[in-house]
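These notes concern the structure reproduced below.
The values are calculated or read from the model by the stated rules, or taken from the named source; none is laboratory data. The structure presented is a predicted model; accordingly, all values stated were derived computationally and were not measured. Neighbour counts run over all protein chains shown; Cβ positions are idealised from the backbone, glycine included. Quick note on the areas: whole protein, heavy atoms, side chains included, nothing else; ligands and nucleic acids left out. Shrake-Rupley method; radii C 1.70, N 1.55, O 1.52, S 1.80 Å.
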Amino acid sequence: MVKYERRRAATEFNGETATNAGATLSEAGSARRSFLGRIGRWSGALAMLGLGGEIWQQAFSERSVISSAVAGGDSGSLPPPTLLFASNFQGDVQFTAPYGCGSTSCWQDIAGTDPSTGFDFTGLSIFNGGYRGHLITGESGTNAGNIGEYHDNQVLTTTGPHGNQTRAARFRTLQNTRGDNQNVFGYFADQRTHPERLYFKYWLRMEPDLAEKMGPNGWISFWAWKTSGGDYRLTSQIWTDSNSVPFWSIQGDNEANANRPYERYFRVQNRSVPVPQGEWFKVEVFYDRNGRGRAWQAINGVVVFDYTPPEGQDLYGVDNGRIRQGTFLTVRAAVPRTREVWLDEFEIWDNFPPASSNPPALPQSPGAIEVTQSRRLGATA
């Protein structure tokens with residue numbers, strides 16, 4: 001189930017840039033997207049058609065247990081989960097050539113249809129916006145001809161999260177430019193229709209000398225969203241302390257790029273769960289802005305954060321803006337060496353998905369979290 005092997009294509013393509021895989025593949029992908037989008041209601045049909053039915057039936061029979069243990073509260077209040085997008089970076093999925101360069105940055109897309117999932121990166125239309133990678137240098141004179149001196153992104157064959165040879169996305173940042181160099185994998189969305197609840201799951205692999213390259217008081221962001229007008233930002237990061245020891249951090253603030261004083265509404269740190277280095281680890285992130293809201297995060301099935309704002313607070317800024325963009329990864333430069341991060345098995349759901357039967361273990365209880373800092377500065381509406 002992890003690699004969608006029930007329908008994984010026997011042939012993989014290795015084009016330098018994304019190309020159209022053909023009408024047949026496109027139609028198959030469209031049909032499969034429509035079909036997968038209904039799995040929350042059609043688990044019985046999946047079994048009849050042989051599309052991993054036993055796994056899905058077992059998963060949905062456990063959904064009430066999962067919802068209670070993982071999502072908290074009454075499981076009956078949660079709608080059946082729907083898979084909105086997934087890619088294992090198979091087929092003709094590849095980074096496009098950089099384009100639209102300004103004075104200090106360029107844009108870059110991922111395009112192509114993944115036959116292992118049936119989804120097409122083009123448009124990432126679930127957000128009514130689309131995927132856009134942002135290659136930032138902070139250096140005047142950045143253009144399509146020299147952006148490769150700062151960033152190098154490719155989909156390549158590597159040893160995957162489960163020990164097999166597979167294709168995955170590699171993000172590389174090649175040099176430091178006064179700390180401004182960032183390689184951002186994210187999306188822009190129609191804020192009027194962006195969901196107020198989403199779940200993301202993907203695998204990351206960072207360098208074995210990650211902490212050394214980050215140095216004291218460094219950071220990497222691996223998931224975030226921002227609302228319209230720079231009103232509010234929720235972000236998950238890896239930080240290092242003054243001794244270069246990495247730890248997990250999540251915070252909500254009024255978005256540092258806004259034309260207003262920077263304020264931190266809350267920040268929570270977790271130093272009890274180790275940060276993997278040089279090996280694949282599974283990232284799960286869930287947020288819900290209904291009511292006061294909720295921010296949940298697990299690493300390798302261990303819940304790192306499960307934050308619900310206290311009474312009188314919420315995951316909104318003063319303007320109550322809606323989400324307009326998000327990022328799944330921000331790679332920053334390291335001095336003096338290259339920084340490299342790999343990404344694979346990327347999924348987006350509208351709620352907590354069914355439990356995977358490989359392995360069958362549920363994430364650990366949030367009660368096991370040791371939080372070393374939790375505070376609120378400023379005030380929300």
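For the stretch 111-244, the solvent-accessible area with a 1.4 angstrom probe is 34 square angstrom per residue. These residues, Ser140, Ser228, Ser87, go from largest to smallest accessible area, 1.4 Å probe, as Ser140, Ser228, Ser87. Rounded to the nearest 20, the size of the Cβ-charge dipole of the stretch 125-218 about its Cα centre is 360 debye, with Lys and Arg at +1 and Asp and Glu at -1.
Across the stretch 156-170, computed HN-Hα scalar couplings (Karplus, 6.51 cos²θ - 1.76 cosθ + 1.60, θ = phi - 60°) run 9, 7, 8, 6, x, x, 10, x, 9, 6, 8, 9, 8, 8, 10 Hz from first to last residue, x flagging Gly and Pro.
Site pair Ser272 and Thr122 shows an inter-label distance of 4.9 nm when each label is modelled 7 Å from Cα along Cα→Cβ. For the stretch 184-218, the residues whose backbone nitrogen is under 14 Å from a point 7 Å from the Cα of Ser242, taken along Cα to Cβ, are 216-218.
Backbone geometry of the stretch 129-146 corresponds, through the Karplus equation with coefficients 6.51, -1.76 and 1.60 at θ = phi - 60°, to 3J(HN,Hα) couplings of x, x, 6, 8, x, 10, 9, 9, 10, x, 9, 4, x, 5, 8, 4, x, 10 Hz, x marking Gly and Pro. Shape analysis of the stretch 152-193 based on the Cα gyration tensor places the equivalent ellipsoid semi-axes at 26, 21, 8 Å, largest first. With a cut-off of 15 Å between beta carbons, the residues surrounding Gly100 carry a summed charge of 0, where Lys and Arg count +1 and Asp and Glu -1. Working from label points 7 Å from Cα in the Cα-to-Cβ sense, the Tyr99 to Asn320 distance is 3.9 nm.
Rolling a 1.4 angstrom probe over the protein heavy atoms with all chains in place gives the stretch 259-313 an accessible area of 40 Å² per residue. Here the spin labels are modelled as points 7 Å beyond Cα on the Cα-Cβ line, and at Asn143 and Arg264 they lie 4.2 nm apart.
Under 5 Å between amide hydrogens, built in the peptide plane, is the criterion, and for Arg324 it picks out Lys226, Thr227, Ser228 among residues at least 5 positions away or on other chains.
As a rough guide to protection, the peptides 233-240, 193-200, 115-122 ranked by mean Cβ packing within 10 Å, highest first, stand as 115-122, 233-240, 193-200.
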